[in-house]
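Below you'll find the structure, written out as structure tokens, and then a few comments.
Each value in this text was obtained by applying a stated rule to the coordinates, not by laboratory testing. Just so we're clear, the structure is a prediction, and the values are computed from it rather than from any experiment. Glycine gets a Cβ as well: all are built from the backbone with ideal geometry, and neighbour counts include every protein chain shown.
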């Protein structure tokens, strides 16, 4: 496929932008992750390890859903405000079907869809 993609991601949502010379396509994915606070023991009877394991499993499911929009050989710029962008880059590196994907992660605060498209188009030197 060899697409040029940009992904803005945080723990609540991901916006995937695929750009070509002529047009851009945006796809939004919402996360089902809850806020990850400290374990206080009263949440459930499973203990802190199970609490953390459930959170990590939910995060992995979310990152896999985002990674399904990426194909072998794609170029991907991953933007976002927190650690989730780096977690996505690591997760994509673990998926065998994404061998050859070029990724770059960079910090970015919340951004409008139009500004995100412009940023991705500039990154790949396409007309804005």
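Rounded to the nearest 10 degrees, the angle from helix 113-123 to the longest Cα principal axis of the chain is 60 degrees. For semi-axes √(5λ) of the Cα gyration tensor in Å, the value calculated from this model appears in (i) 28, 22, 13; (ii) 31, 16, 11; (iii) 35, 20, 14 under label (ii). How tilted is helix 84-94 with respect to the longest principal axis of the chain? Cα atoms for both, answer in degrees (0 to 90, nearest 10). Compared with the principal axis, the helix lies near 80 degrees. Normalised by the number of residues in the chain, the mean separation of alpha-carbon contacts (under 8 Å, six or more apart) gives a relative contact order of 30 percent. Entry note, the chain: the mean residue ellipticity at 222 nm calculated from DSSP H runs of n ≥ 4, each adding -39500 (n - 2.57), is -11000 deg cm²/dmol after division by the residues and rounding to the nearest 500.
For residue 2 and residue 90, a Förster radius of 22 Å and the Cβ-Cβ distance give a FRET efficiency of 0.50, rounded to the nearest 0.05.
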